[in-house]
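To start, the structure under review is shown below, and the notes come after it.
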Amino acid sequence: MKKKGLGSLLLSMVICGSLLSACGGNSNTSSKNSGDTEAKAKVAEIVFALPSFNRIPDDLSKVTEAINAITTAKIGVKVDFRLFGPADYAQKVNLALQSGEKMDIFTTLGQFSNYVSKSQVAPLEELLTEHGKELTAILDKDFGPDILKTTTMDGHIYGIPVNKGMALPTNIIYNADMLAEAGVAADSIQSVEDLPAVFGAVKQKLPDVVPFGPINVNPTDTGLVNWMKGASKVDYLTDTTGVGVVIGDNGKVVNFYESDVFKNGIQMMRDWFEAGYLQKDTATTTITAMEMVSSGRGFSFLGGYSGMEVGKQLSAQVGKNIETKRIAPFYFDTSAVNSVTWMVSSTSKETEAAVKFLNLLYTDKELINTILFGIEGEDYIKVDEHHVKFPEGMDANTVPYTSMLSSGIVGSESLQYQMEGINWSDVELKLKENKDTERSPYFGFIFDQGQVKTQMSAVNNVVNQFLPALVSGSVDPESIIAKFNSALKDAGAQDIIDSKQQQLDQWLAAQKQ
Amino acid sequence: MTAKPKSKPLKKTLPLLILAGPGLLYFLINSYFPMFGVFIAFKDVNYAKGIFGSDWIGFKNFTFLFQTSDAWIMTRNTLLYNLTFIALGTVVSIIIAILMSELLNKLYSKLFMTGLILPNLISMIVLSLLVFAFLNADSGFVNHSILRPLGIPEINWYSEAKYWPYLLVLIQIWKTAGYGSIVYFASIAGIDKSIYESAKIDGAGKLKQIRMITLPLLKPTIIVLVLMSMGRIFNSDFGLFYQVPMNSGALYSATQTIDTYVYRALMQLNDIGMSAAAGLYQSLVGFALVLTVNAIVKKVNPENALF
């Protein structure tokens with residue numbers, strides 16, 4: 001009851017807020033011209049919202065001051081710095097956007113085309129050529145000039161993808177001690193075909209251990225689906241449903257769940273499940289694979305990780321001796337790159353200041369590391385040019401401020417400090433892989449869901465209903481895949497495929513010109 | 001002198017008004033203000049144009065509710081579950097209330113009442129974990145401590161839909177019946193004790209007293225409460241249908257209701273036009289149902305109708 005009351009209260013506030021802002025908007029435009037010259041001399045103020053995976057400190061004033069010291073000196077912009085946890089972030093930002101509250105710079109957590117199709121974000125191409133030269137240069141250097149294609153729709157650039165190691169090859173992550181105990185050499189794992197033998201050995205030696213970890217959260221983002229995408233070159237064409245994909249480079253949009261790639265992958269998981277390598281309740285459990293491995297109940301899981309130092313980081317995180325082994329390459333489709341994108345709100349009145357700030361956010365070492373690590377001497381101590389550590393006796397939970405776990409979200413990875421003990425060459429390797437990893441021929445295509453919203457919502461439901469049981473091998477693929485596909489057909493999958501094919505053909509034709 | 005009769009009603013009604021104040025304010029803010037936004041259901045919301053400037057698209061936002069064969073399942077589930085909850089909930093609540101009122105020992109009566117109301121205070125999230133502790137496949141109480149020792153094959157509760165209609169009804173009744181019995185309990189307490197005494201003198205037993213006195217006198221209360229819950233028959237307790245079954249896909253045929261469908265469908269799309277359409281649809285059907293049921297009650301027994 002209480003929760004519902006709060007929700008309705010918020011809604012009414014949203015509506016009142018949008019009323020107010022609508023009125024406010026009108027009065028501002030009339031006075032803008034006269035105040036223009038004055039505004040230039042004044043410091044522009046923008047709101048910048050960052051998702052943080054660390055503890056959110058009560059007091060952000062010190063770090064905000066430090067950020068402002070940098071930004072006012074370098075670009076004459078004052079930043080109102082907001083920090084939200086990952087669970088809150090999208091909600092807070094959406095609420096601000098819907099209510100017309102000031103919110104200038106925010107990031108997507110995977111919803112790029114949604115924001116664009118609802119005109120919630122501002123086109124940036126003109127401002128970028130003027131105020132974002134350094135930004136474009138560093139993106140070219142670290143990823144390649146094609147990166148901005150992934151955030152361009154109808155010729156407008158609507159956002160800047162984060163600049164980091166984007167290639168996430170599929171790794172098998174396993175407990176190395178258990179592997180040794182089972183008497184298997186790590187080098188014997190080269191591809192996914194080698195895994196059943198390893199699981200069998202582990203199961204025989206350690207009957208209480210679950211050889212392969214559960215797959216959960218978002219079924220279209222599981223290790224298995226990502227492995228199929230990378231190993232068989234599947235381009236999801238930017239939405240997450242999987243009903244309209246292109247496999248390989250034939251340009252034909254098909255339903256992934258009708259393909260042999262999918263059937264074979266699911267059959268493989270079914271075989272593992274029937275051999276007892278997975279938990280019985282894999283499809284529904286809420287315990288993550290990482291937690292299983294951490295508690296010593298699990299042996300391994302599949303995950304996409306960039307670089308080669310993952311094992312070290314995970315070992316520290318879960319307290320076990322973790323090693324990783326790459327078993328499939330990565331395949332760049334559009335959403336692999338634009339899933340974390342910084343955008344400027346279409347209602348922002350300070351777009352110029354916002355782009356200036358973005359420029360700095362990707363190129364200024366001092367700003368990036370202040371946002372991530374806080375204040376030198378208080379929140380972190382510098383070890384050498386590239387490395388930092390926490391002050392004596394403190395860790396990520398006890399320092400006054402740190403957002404170090406947001407390193408995959410902020411600016412350019414090549415300018416970030418790394419924690420002590422992480423090999424710097426790994427960052428260089430990641431950047432190299434950004435350029436070497438194969439791009440889908442449809443890299444840059446963005447699907448506009450506007451025409452098939454209804455079908456998308458229905459299809460989402462069907463996918464949620466069938467996919468978790470299938471990707472965990474807990475149901476018989478023969479009969480369930482057929483049921484799944486007929487339910488998808490019912491929900492209008494063909495309309496999505498047709499709409500996508502039409503948009504893709506148009507996009508391809510435009511690329512040739 | 002002349003002012004006195006005027007001020008007296010105010011003096012009398014003021015405390016009542018103050019009492020009603022928070023409730024009125026609640027409805028004003030939460031139910032009447034947002035009604036202003038119903039037009040969003042007919043718009044293709046575009047943030048650059050603002051909600052007033054967005055294009056009108058007629059009933060297009062509503063189509064997603066009826067797009068699939070799920071439409072039938074979720075409507076059926078929502079209606080049947082709610083009807084069951086109303087019917088069974090009312091019966092169980094009345095039974096509890098009557099039993100409670102027969103308890104003469106004040107201490108016991110208070111103890112049981114508290115115990116019965118307590119489940120209502122547990123949040124659905126916590127409840128879902130309690131249920132999980134009973135039903136999880138590996139170490140759940142039912143599988144691990146009941147079925148296994150008895151040699152009965154274990155059941156994978158979270159992937160077999162056929163058990164869930166019973167489970168959900170059981171959970172809902174367990175959670176809400178105690179709380180629901182309060183109003184009935186109060187009504188029974190308000191029944192004139194001398195009626196029972198004279199019935200006793202005439203030789204009526206306990207059961208006959210309940211059948212001939214308590215239930216007929218409870219009728220107006222029952223009708224009002226049932227009418228009120230009719231209005232929400234197209235809404236479902238999201239926690240019960242989403243959290244308690246742990247959002248398990250295999251159970252959708254038994255757990256999908258309009259609310260969970262809307263949530264699942266729009267989680268990705270984040271389209272407020274479509275959400276508004278779903279809300280409007282639920283409210284209108286609820287409104288129509290209240291009017292219909294009230295009309296029927298009026299025809300049968302005009303005194304008991306709500307309005």
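Listed values, structure above:
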{"item": "Extreme residue, surrounded by the most Cβ atoms within 10 Å (Cβ to Cβ), among residues of the range A:239-277 that are within 14 Å of chain B (Cβ to nearest Cβ), part of a loop (DSSP other than H, G, I, E, B) and at pLDDT 90 or above", "result": "A:243"}
{"item": "Matching option when the condition is surrounded by fewer than 14 Cβ atoms within 10 Å (Cβ to Cβ) and in contact (Cβ under 8 Å) with a residue 24 or more places away in the chain, among A:190, A:120, A:204", "result": "A:190"}
{"item": "Single residue of B:41, B:71, B:87 found to be under 30 Å from residue B:255 (Cα atoms), part of a helix (DSSP H, G or I), more than 12 Å from chain A (Cβ to nearest Cβ) and touching a Phe, Trp or Tyr at 6+ places or on another chain (Cβ under 9 Å)", "result": "B:41"}
{"item": "Selection from the range B:137-160 of residues that are within 13 Å of another protein chain (Cβ to nearest Cβ) and surrounded by 15 or more Cβ atoms within 10 Å (Cβ to Cβ)", "result": "B:137, B:140, B:143, B:144, B:154, B:155, B:156, B:157, B:158, B:159"}
{"item": "Hits in the range B:247-271 (condition: more than 7 Å from chain A (Cβ to nearest Cβ) and aliphatic (A, V, I, L, M))", "result": "B:251, B:254, B:258, B:262, B:267"}
{"item": "Helices (runs of 4 or more DSSP H) (entirely within the range A:153-238) containing at least 1 residues that are touching a Gly at 6+ places or on another chain (Cβ under 9 Å) and of a type in the set (Val, Ile, Thr)", "result": "A:223-232"}
{"item": "Tally, over the range B:54-64, of residues that are more than 9 Å from chain A (Cβ to nearest Cβ) and not aromatic (Phe, Trp, Tyr)", "result": "4"}
{"item": "Check on residue A:477, modelled with pLDDT of 90 or more and more than 22 Å from the chain's Cα centre (by Cα)", "result": "yes"}
{"item": "Residue A:447 vs. criteria modelled with pLDDT of 90 or more, crowded, with 16+ Cβ neighbours inside 10 Å, within 24 Å of the chain's Cα centre (by Cα) and within 14 Å of chain B (Cβ to nearest Cβ)", "result": "yes"}
{"item": "Helices (runs of 4 or more DSSP H) (entirely within the range B:131-245) containing at least 2 residues that are closer than 30 Å to residue B:291 by Cβ", "result": "B:164-189, B:215-230"}
{"item": "Where a residue in the range B:111-124 is buried (at least 17 other Cβ atoms within 10 Å of the Cβ) and its partner, wherever it lies, is polar (S, T, N, Q), with Cβ under 8 Å and at least six apart", "result": "B:116/B:181; B:119/B:176; B:124/B:243"}
{"item": "Residue match in the range A:125-140 (condition: away from chain B (no Cβ under 14 Å), among the hydrophobic types (A, V, I, L, M, F, W, C), buried (at least 21 other Cβ atoms within 10 Å of the Cβ) and in a loop (DSSP other than H, G, I, E, B))", "result": "no"}
{"item": "Test: residue A:319 is more than 30 Å from residue A:455 (Cβ to Cβ) and modelled with pLDDT of 90 or more", "result": "no"}
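To keep it simple, each residue is scored yes or no on (1) without any contact (Cβ under 8 Å) to a residue 24 or more places away in the chain; (2) under 25 Å from the mean Cα position of the chain (by Cα); (3) within 14 Å of chain B (Cβ to nearest Cβ).
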| position | (1), (2), (3) |
| --- | --- |
| A:404 | no, yes, no |
| A:411 | no, yes, no |
| A:424 | no, yes, no |
| A:461 | no, yes, yes |
| A:509 | yes, no, no |
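The values are calculated or read from the model by the stated rules, or taken from the named source; none is laboratory data. Just so you know, these numbers come straight off a predicted model, no measurement behind them. Cβ sites come from the backbone with ideal geometry, for glycine too, and all protein chains shown count toward neighbours.
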